[in-house]
Amino acid sequence: MLPQIFQYDFMLRAFIAGTIIAILAPLIGSFLLIRRYSLFADALSHVSFLSVAIAVLMDFNPVLVSMIGAVIAAAGLEKLRATKRVQSESSLALFLSGSLALGTIILSFVNASVPITSILFGAITTITESDLYIIAAAGLVAFIGILYYLRELFVLTFDEEYARVKGIRVTLLNYLLMIVSAVIISISITVIGILLITSLMVIPVLTSYQLRRGFTQSVVLSVIFSVVSVWTGIALSFYADLPAGGTIVLILIACFMIALLAGRLFKAKKYEKIAS
Amino acid sequence: MSCIDVKNLSFSYGNEVIIKSVNFEIAKGDYVGLIGQNGSGKSTLLRLILGLLKPQSGSIRLFDTPVESFREWHRIGYIPQRSGIFDQTFPATVEEIVAMGLVNARNAADRHAIQRALEVVGMERYSARQLRELSGGQQQRVLIARAIVGEPDLILLDEPVVGVDTQAQQNFYQLLQHLNKKMNITLLLISHDLDIVAHEADYLIMLNQGEVCRCTREMFVKDKKKYIAI
């Protein structure tokens, strides 16, 4: 017999969507973090807020509209970064505050019943069947894209100039990285919300780094930490009646603290071994 | 066959002329030192050779192919300046770094090639270690392993020993001699250290105010004052 939590369709959908996001977010986050693009994820999530506001105003599917908006913004940001006309951080701040401001104004025109908190912090239990199809399809494309170019992205992340020398299509991959990030962020909004999505991209990756493994193992570990945290977070939020997004992030932070301690213990033992 | 053939090459950043109608050729098996003061345009010349910059005029041919249409990048190893080349938080093992030289290393033969490259540089015992845990000299050896893993015909080195201690530098130059004399790999070593390069390389290309002067090591030793004046 199924546990109580799986007897509800909305919880099943929450687990499936949560798992997809939990795999994809740290996967792309592994590249964004090293390239110091964490603020980029933040800016795109705020652009998604604007897109959701437009979707609500026009009565369209918010996941689909936020995906289109985030992809356009990602391409624009990469263009600005590549041409070096605007400093990376400045252009991100521009997108971030501009989108939030415009989104808030648009939402003020719409029916007051629009749950802004669900955009900000996610509403995983409200995922509809059509949302799930969009999340699954976009997630699959993003996953295949990352896996296909995994080695090239690894070289590019380590040393962009070296990647160019090895004949890797750096410009194309930079755009790909940005656009895939945009897709992942936009499909994550219903799951974890615009204010918390960056944490799902960054914290599992930082957690895996504490265990001092190679890049491939770190990526795998970060996905494991992320999936475990999302599953535990959803279950805990169901039984304890807590908001899922916040619960997931607190579990991620707890995992990070444990890994930090484990990493320090491992390091101390290693030095003891070398000394002896 | 020439590995690098540069003809009438000129390059400027805005109004500032960096390279002025330069000509030189590097043949297979040569060990060439490219020297010049800081800011003389050595790294710019290297970036032009690697196709990372486009010249205003002139041509560069790599293995008889114009650099713009050159695609056999596996034939060229590149060792960038060590300082600041990678983020110290980057979690990559030595084996993963060397595998970058093959870009798409996947099968057993590739793994064997990685192991062999690490053996050449004496780092085979460190394959599972993280790059950030190694000393500057060891990191440089790993980058050489990355450059040679694809069995290149030519390696370009841009100030490779900056920030590396003296003993590690000596070991590094011994390794370069091994690559050149035993493995017949052509080397173009960029440095601002005239004494070291004059001691190590067979030929010297001196870059000063956008122009080059080429001589053999023997010519340089015989008429050192003249060349230093240049």
note = A careful count of residues in the stretch B:36-55 that are within 14 Å of chain A (Cβ to nearest Cβ) and either aliphatic (A, V, I, L, M) or touching a Lys or Arg at 6+ places or on another chain (Cβ under 9 Å) (or both) gives 7
remark   = Conditions (1) more than 29 Å from A:A82 (Cα to Cα); (2) more than 13 Å from chain B (Cβ to nearest Cβ); (3) without any contact (Cβ under 8 Å) to a residue 60 or more places away in the chain -> A:I203 fails only (1)
note = Only one of (1) within 17 Å of B:T89 (Cα to Cα); (2) free of Cβ contacts under 8 Å to residues at least 24 places away in the same chain; (3) touching an Asp or Glu at 6+ places or on another chain (Cβ under 8 Å) does not apply to B:E133, and that is (3)
query = For the subset of the stretch A:233-251 comprising residues that are more than 18 Å from A:R13 (Cβ to Cβ) and of a type in the set (V, I, T), which member is surrounded by the fewest Cβ atoms within 10 Å (Cβ to Cβ)?
reply = A:I251
key: Looking only at the stretch A:262-276, and only at residues there that are at pLDDT 80 or above and surrounded by 11 or more Cβ atoms within 10 Å (Cβ to Cβ), the one that is farthest from A:S199 (Cα to Cα)   = A:R264
task = May I ask you to list the residues in the stretch A:210-261 that are of a type outside the set (G, A, S) and part of a loop (DSSP other than H, G, I, E, B)?
result = A:Q210, A:L211, A:R212, A:R213, A:D241, A:L242, A:P243
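Taking the criterion of being at positive phi, in contact with a helix residue (DSSP H, G or I) (Cβ under 8 Å, 6 or more places away or on another chain) and at pLDDT 90 or above, would at least one residue in the stretch B:44-67 satisfy it? Spell out the reasoning first.
We begin by selecting, within the stretch B:44-67, every residue at positive phi; these are B:51, B:58, B:63-64.
Right, trim to in contact with a helix residue (DSSP H, G or I) (Cβ under 8 Å, 6 or more places away or on another chain) and you get B:51, B:63.
Now restrict to residues that are at pLDDT 90 or above: B:63.
Looking for residues that are at positive phi, in contact with a helix residue (DSSP H, G or I) (Cβ under 8 Å, 6 or more places away or on another chain) and at pLDDT 90 or above, one finds at least one in the stretch B:44-67, hence yes.
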query = What number goes with the only condition from (1) more than 14 Å from chain B (Cβ to nearest Cβ); (2) over 19 Å from A:I251 (Cβ atoms) that A:Q217 does not pass?
reply = (1)
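Of the residues that sit in the stretch A:144-185 and are assigned to a helix (DSSP H, G or I) and of a type in the set (F, W, Y), which one is nearest to B:E72 (Cα to Cα)? Even if it seems obvious, please write down each step before you answer.
Step one: list which residues in the stretch A:144-185 are assigned to a helix (DSSP H, G or I), which gives A:144-148, A:150-158, A:160-165, A:170-185.
Pick out the ones that are also of a type in the set (F, W, Y) and you get A:148, A:154, A:158, A:162, A:175.
Values: A:Y148: 22, A:F154: 21, A:F158: 22, A:Y162: 15, A:Y175: 24 Å.
Here the answer is A:Y162.
The values are calculated or read from the model by the stated rules, or taken from the named source; none is laboratory data. Keep in mind that this is a model prediction, so the values were computed, not measured. Neighbour counts run over all protein chains shown; Cβ positions are idealised from the backbone, glycine included.
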